Amino acid sequence: MVGYAKKFGESEERWSLLGLLHDLDYEKHPEEHPLKAVDMLREMDFDEEFVQAVAGHADRTGVPRTTTMAKTLYAVDEMAGFVVACVLVRPDRSFASLKPKSVKKKLKDKAFAKAVDRQQMATAVEELGIDMNEHIETMIEALRDGEERLQQQGLSLID
């Protein structure tokens with residue numbers, strides 16, 4: 001979300017917080033996700049744009065994604081995990097060497113990360129109004145930057 005906040009000139013702090021909190025109910029309430037999170041965020045007085053973005057990131061809620069923030073969360077949610085999975089199978093386990101072409105090749109391989117909904121990712125980029133190559137490139141750059149920040153703290157997305 002931070003990569004897109006930078007790209008769209010939005011608040012990195014706010015969009016980062018959305019990325020961190022959107023699944024806050026998933027572990028305890030997977031069947032009710034994200035509706036429990038929506039209730040929790042309202043109880044914590046998060047604004048309605050933020051809450052609606054969380055509600056809309058799951059197709060089963062039927063909540064339309066009407067803001068750039070909501071459309072971005074929807075686009076980033078599945079793709080972030082998919083790009084990390086692509087890095088994990090690379091010999092160097094590095095975002096630095098990962099290219100959009102490699103991610104697109106893995107998207108075509110239905111056996112790779114088979115639980116990932118490829119149609120959802122296609123719909124998401126269409127809603128956001130960007131092409132898949134641009135989305136993948138933005139995701140790789142953002143995850144690479146995030147990984148560098150984490151490593152400075154002795155942490156990692158991939159280790």
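The values are calculated or read from the model by the stated rules, or taken from the named source; none is laboratory data. Note that the structure is predicted; figures quoted are calculated from it, not measured. Quick reminder, even Gly has a Cβ in these numbers, built from the backbone with ideal geometry, and neighbours come from all protein chains shown.
Sort out which residues of the range 67-91 are surrounded by 13 or more Cβ atoms within 10 Å (Cβ to Cβ) and outside any helix (DSSP H, G or I), and write them in order of number.
Of the residues in the range 67-91, the ones surrounded by 13 or more Cβ atoms within 10 Å (Cβ to Cβ) are 67-87, 90.
Listed by number, the residues that qualify are 67, 90.
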Just to verify a result, which residue in the range 31-53, among those that are charged (D, E, K, R) and assigned to a loop (DSSP other than H, G, I, E, B), is surrounded by the most Cβ atoms within 10 Å (Cβ to Cβ)?
32
If a residue must be of a type in the set (Gly, Ala, Ser), farther than 19 Å from residue 129 by Cα and assigned to a helix (DSSP H, G or I), how many such residues does the range 54-66 contain?
1
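Just to be sure I understand, how many residues within the range 109-121 are on the phi < 0 side of the Ramachandran plot, of a type outside the set (Phe, Trp, Tyr) and touching a helix residue (DSSP H, G or I) at 6+ places or on another chain (Cβ under 7 Å)? Show your work before the answer.
Narrowing the range 109-121 to residues on the phi < 0 side of the Ramachandran plot: 109-112, 114-121.
Filter once more, keeping what is of a type outside the set (Phe, Trp, Tyr): 109-111, 114-121.
Adding the requirement that they be touching a helix residue (DSSP H, G or I) at 6+ places or on another chain (Cβ under 7 Å) leaves 116-118, 120-121.
Number of matching residues: 5.
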With the checklist (1) modelled with pLDDT of 95 or more; (2) of a type outside the set (Ser, Thr, Tyr); (3) part of a helix (DSSP H, G or I); (4) touching a helix residue (DSSP H, G or I) at 6+ places or on another chain (Cβ under 8 Å) in hand, flag the one item residue 126 doesn't pass.
(4)
Give me the residue from the range 92-116 that is surrounded by 12 or more Cβ atoms within 10 Å (Cβ to Cβ) and among the aliphatic types (A, V, I, L, M) and, out of that set, nearest to the chain's Cα centre (by Cα).
116
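Going by the structure shown, is residue 5 among the aliphatic types (A, V, I, L, M), part of a helix (DSSP H, G or I) and closer than 16 Å to residue 143 by Cα? If you could, list the steps in order and put the result at the bottom.
On the way: among the aliphatic types (A, V, I, L, M): yes; part of a helix (DSSP H, G or I): yes; closer than 16 Å to residue 143 by Cα: yes.
Judged against the criteria, residue 5 is a match.
Of the residues in the range 92-123, how many are of a type in the set (A, V, I, L, M), part of a helix (DSSP H, G or I) and free of Cβ contacts under 8 Å to residues at least 40 places away in the same chain? Step through it out loud before you land on a result.
The first filter runs over the range 92-123 and keeps only residues of a type in the set (A, V, I, L, M), leaving 96, 98, 103, 107, 111, 113, 115-116, 121-122.
Those still in the list that are part of a helix (DSSP H, G or I) too: 103, 107, 121-122.
From what is left, the residues that are free of Cβ contacts under 8 Å to residues at least 40 places away in the same chain are 103, 107, 122.
Looking only at that region, the number is 3.
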